């Protein structure tokens, strides 16, 4: 697709990705967050879940307490996997005999990714965007001498403009998996982990009544809102008890520049797409980034 670069020159090559913070190709450090929150390998899963929920973190680097070297990374998906979403749930059943009150104190080293993706501070914005899209990751540590010096997230490279000329309809996820209000926490955890999704619309008789997000589950875990110490019973809590009922949605004909502004203003990373009270799909931060890059 022909486009004009920042100097107004016409080109037909692949679009070089730009952000509102970096108008020309530059280093990742121009957009990265330098005040990085990290945890040690022995930090309890419950504390990590609370940190993520309170600060809207999707991934937290795990560093050695003595050297500060990057040893792994823990994501929201790792925690959901642990709490019923996948095979890491076996740690609860095998190591903690199904006692969720004890399992929340499991050290994060048991569930973290020990081979995390990272970039050097010389990486370009385009390098980071490519990794985020190809690896479907929401954030990447910036490392120097094996130590974490910054972290760059989807929102750090979220493009902005008055108008992109790209509608929500063009880039939204049309195959939208939804939850019913009667689904259990363990059910939505499985769906999120298997499909790499951080939010599910909650439907009742074809009407949108809420959204359940990974952070709703993390709040449930971090605050220990369990009705039983038995993991199976605790994770049978229904979605309508933890979901967000005040849902913000967007129209399919909205320009994605407006959605980008909405993400920045609200801190919400994804919105159901509604037309004539019917759910058409969902649009997320990564959909906006991909839409701008590809079109």
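Restricting attention to the stretch 264-295, the residues that are under 15 Å from residue 166 (Cβ atoms) and not in a strand (DSSP E or B) total 11.
Every condition in (1) without any contact (Cβ under 8 Å) to a residue 60 or more places away in the chain; (2) closer than 24 Å to residue 256 by Cα holds for residue 152 except the one numbered (1).
Has the stretch 241-248 got any residue that is in the same structural domain as residue 180 (by TED's automatic domain parsing) and in a helix (DSSP H, G or I)?
We begin by selecting, within the stretch 241-248, every residue in the same structural domain as residue 180 (by TED's automatic domain parsing); these are 241-248.
Checking which are in a helix (DSSP H, G or I) leaves us with 241.
Among the residues of the stretch 241-248, at least one is in the same structural domain as residue 180 (by TED's automatic domain parsing) and in a helix (DSSP H, G or I), which makes the answer yes.
Taking the criterion of being assigned by TED's automatic domain parsing to the domain that holds residue 153, within 18 Å of residue 48 (Cα to Cα), in contact with a strand residue (DSSP E or B) (Cβ under 6 Å, 6 or more places away or on another chain) and at pLDDT 95 or above, would at least one residue in the stretch 80-101 satisfy it? No, the conditions are met nowhere in the stretch 80-101.
The conditions of being touching a residue at least 40 places away in the same chain (Cβ under 8 Å) and either crowded, with 21+ Cβ neighbours inside 10 Å or in contact with a helix residue (DSSP H, G or I) (Cβ under 7 Å, 6 or more places away or on another chain) (or both) are not met by residue 264. Among the residues making up the stretch 57-86, those that are touching a helix residue (DSSP H, G or I) at 6+ places or on another chain (Cβ under 7 Å) and either surrounded by fewer than 18 Cβ atoms within 10 Å (Cβ to Cβ) or not in a strand (DSSP E or B) (or both) are 57, 58, 76, 77, 79, 80, 81, 82, 83, 84, 85, 86. In this entry, residue 177 is excluded by the filter for residues that are crowded, with 16+ Cβ neighbours inside 10 Å and in contact (Cβ under 8 Å) with a residue 12 or more places away in the chain.
Among residues of the stretch 169-187 being part of a helix (DSSP H, G or I) and within 19 Å of the chain's Cα centre (by Cα), the one that is modelled with the highest pLDDT is 171.
For the stretch 215-228, indicate whether the set of residues that are outside any loop (DSSP other than H, G, I, E, B) and more than 18 Å from the chain's Cα centre (by Cα) is non-empty. Looking through the stretch 215-228, none of the residues is outside any loop (DSSP other than H, G, I, E, B) and more than 18 Å from the chain's Cα centre (by Cα).
When we screen 19, 43, 38 for residues that are surrounded by 14 or more Cβ atoms within 10 Å (Cβ to Cβ), at pLDDT 95 or above and out of contact with any strand residue (DSSP E or B) (no Cβ under 6 Å at 6 or more places or on another chain), the only hit is 43. Step by step: first the residues of the stretch 191-214, then only those that are touching a residue at least 60 places away in the same chain (Cβ under 8 Å), part of a loop (DSSP other than H, G, I, E, B) and touching a strand residue (DSSP E or B) at 6+ places or on another chain (Cβ under 9 Å), then the one that is nearest to residue 103 (Cα to Cα). Which residue is that? Taking the candidates together, the pick is 198. In the stretch 104-117, the condition of being surrounded by fewer than 17 Cβ atoms within 10 Å (Cβ to Cβ) and within 22 Å of residue 30 (Cα to Cα) is met by at least one residue.
Each residue in the stretch 130-164 was checked for being assigned by TED's automatic domain parsing to the domain that holds residue 74, part of a loop (DSSP other than H, G, I, E, B) and exposed (fewer than 14 other Cβ atoms within 10 Å of the Cβ), and 3 of them qualify.
The values are calculated or read from the model by the stated rules, or taken from the named source; none is laboratory data. Computed from a predicted structure; not experimentally measured. Every residue, glycine as well, gets a Cβ built from its backbone with ideal geometry; the counts of neighbours run over all protein chains shown.
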